[in-house]
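Values quoted throughout were computed directly from the atomic coordinates according to the rules given, and no laboratory measurement underlies them. Given the structure is predicted, the values throughout are model-derived calculations rather than measurements. Cβ placement follows ideal geometry from the backbone for every residue including glycine, while neighbour counts extend to all protein chains displayed.
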Amino acid sequence: MRSFRTEFDDLFAEGLISAVEIGLGASGEDIQKEWDGDILVSHSLRRAAKLGGHSFWARGPDNAGHYNSMLHETEFFCEQGDYDNYYGRFFLLWYSKTLIDHADNVLSLATLAFEETKVIVKVVFPDYQLFTIVVSSQLYD
């Protein structure tokens, strides 16, 4: 963000750029869910599981499907699926908190980088799953 602001500083100063849009959420530029590859995410999940007294929960669900999976095709998100057991609720609470914390950090950096420029936030979610009991946010293994 800082390099974008620096590169186009003249356009900001002239008022030609009056707003910036930042995508957040699992369908935006917010966070990549690579459970084993992302050291910070893995550490955060391990820490949360240990604090909750269930260190064996320090993993993402292995039955949540893939990027294009429909909810009913997965054991985790299907009706009466694993999302509604103790581990599922723990994981989804941790996951949503992780997304929110990351969004807070991104927006704090945007506020610093763009100063008085209007910041527009875009959160996208898969609308084909709107009317189900649970909404998958591109959670995949």
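Take the alpha carbon gyration tensor of the stretch 49-118, find the square roots of its eigenvalues, order them as a ≥ b ≥ c, and report rounded if a/c is under 1.5; if not, report prolate when a/b exceeds b/c, else oblate.
It comes out oblate by the Cα gyration axes.
So how much slack lies between TYR67 and GLU115, counting 0.36 nm per residue of separation and subtracting their Cα-Cα distance, in nm?
Contour length minus Cα-Cα distance gives 13.7 nm.
Of ARG2, ARG46, how do they rank once you tally other Cβ atoms within 10 Å and put the fewest first?
ARG2, ARG46
For the pair LYS97/PHE4, report the inter-label distance in nm, with labels modelled 7 Å from Cα in the Cβ direction.
2.9 nm
How many nm separate the modelled label positions at HIS54 and SER42, each set 7 Å beyond the Cα in the direction of the Cβ?
2.2 nm
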